[in-house]
Amino acid sequence: MEMPESQRSGNPRGIPLVRLRDNFLNLSSFANEETRKRHLFAYLLWLLGNLFPNSHGDVVVPGLIYIAENMVDEPLPEQPKYSFGSAMLSHTYKGLCDATQKTSFAQKAPLLCVAYEFLQLWSWEYLPVGRPRIVQPIYPYDFGEGASATMATRWTKARKRWSPDIAKNCYPMYHQQFEILDEAEVTWNPWTQDQLKMVFDARHFTPGMLTDSAFWLTRCNLLFLWCVEPYNPERVMRQFGLYQEIPPPFPRRIDEETHKLTNMGRGWSLYDWREENSEWVHKWTNEALADIVRQLRPYDGSTDQAYKQWYCMNTRASLASQPATIPTHLTQEEQARRHVELHAAYYRDHLIITCNFFRSIIS
C-alpha cells in the first residue's frame, strides 16, 4: 500500500493510524496465509502506535516497524523476546519528564506523550481521586477460550458511574483532593493476594499476571528505542509490600547525553536503536534478573513516622489551610453563578508560597 501524500515538506512522519484502522479492519475468512500475516502486521503496528504515542499523535513511529515485522515473520520463540512492560514504563517516564520541560510552540502548552489509557488505569488502581464507582462488576472474568483477564479488566468491562459532584471544570476539585489525600486512602500494592481475591472474587486470577514479577525489583535501566530511563524500586518499596529504608536511597541516574537522546532527525530512515543502545540492551538481557534489590523484610508501618520526620527535616514546611478568598471546591450551582478558571489552583498555590515567604521573614 502506498503511503499518502504528505502536506508537509520532507518525508512522512510515520504510518497514519487511521489508514491502518480503515484498510485492515476486516479480514475475510477465506484470506490466504500471506494476507493474514499482513493484517497481523498492520494490527501490531496500530497496537504499538497506541501504546507508544509520539508528539504527532496520529502516526506510528517508523522505528516500531522492524519490531512488528520481526514478530510476524520470525517463528514464535519459546521465551518472550520483548519486554513491553519495561518499555512502556521507560516511554512513560520519558514523556512525564519531557512534559515538565517542553512546550508546544503553537499552543504554548505542555506536551504529554504517553499512553493515556495506561496512566488513567494506573491512577484508578492506586488513587481515589477521580476514580469512578463500579456499579456493575463483571463476574466471572471470562471472555471466551484463549482470553484472559487483567487488572484493567474490572475498569474497562464493568459499568461505571462518576460522582455527580464532578463538574465540568473539575481540576480545582481534584487539586484540593490531592492536597488532603491521606495515606490510608491509597492502594499501595494492588498485587497482594487479598486484593487480587477481592477483584476476581471466587475465580482464580490469571497466573500470567505475575509471570514477570521478578523484573519488578531490577536495578537495570528501562529501554524503549531511544529512551533510556533509570529505575529505582528501592525508593518505593511499600508498593511491593517490602521494607522501606529510611532515608530512601539516593536515586540512580544516567548521564545527561544518554537521557537527552531523541528521535528527531531520524525521519523515515527506520533507524534501528538496538545498535545505538546496544550497551543498555546487553545489560538488560544479561543482568536484569541478576541485579535486583535484595530485601526480604516485609513492609513495616513504623517506617511511616520515620519517613515523615526525615521528610520534614529535608523540606520546607508549608501552609496546609486553604485561603478563604480563593474557592477551589465549587458545586455545579456555584459554578453556574461564578466561572472557575482552570488556573484557580495555580493562584491558590502562588498565594500559599507568598504567605510562606512572609511567614519565614516574620519568624
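The values are calculated or read from the model by the stated rules, or taken from the named source; none is laboratory data. Every value quoted in this text rests on a predicted model; they were computed, and no experiment measured them. FYI the Cβ positions are ideal-geometry reconstructions off the backbone, even for glycines, and counts take in every protein chain you see.
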Please state which one of 208, 146 is modelled with pLDDT under 85, on the phi > 0 side of the Ramachandran plot, out of contact with any strand residue (DSSP E or B) (no Cβ under 6 Å at 6 or more places or on another chain) and surrounded by fewer than 15 Cβ atoms within 10 Å (Cβ to Cβ).
146
Of (1) at pLDDT 75 or above; (2) closer than 17 Å to residue 124 by Cα; (3) buried (at least 16 other Cβ atoms within 10 Å of the Cβ), residue 226 satisfies every one except (2)
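Here's the yes/no breakdown for (1) at pLDDT below 75; (2) surrounded by 13 or more Cβ atoms within 10 Å (Cβ to Cβ); (3) of a type in the set (Gly, Ala, Ser):
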site	(1), (2), (3)
131	no, yes, no
139	yes, no, no
188	no, yes, no
199	yes, yes, no
For region 52-65, what are the residues that are modelled with pLDDT under 85 and in a helix (DSSP H, G or I)?
62, 63
With 119, 89, 48, 76 as the choices, which residue is assigned to a loop (DSSP other than H, G, I, E, B) and under 25 Å from residue 210 (Cα atoms)?
76
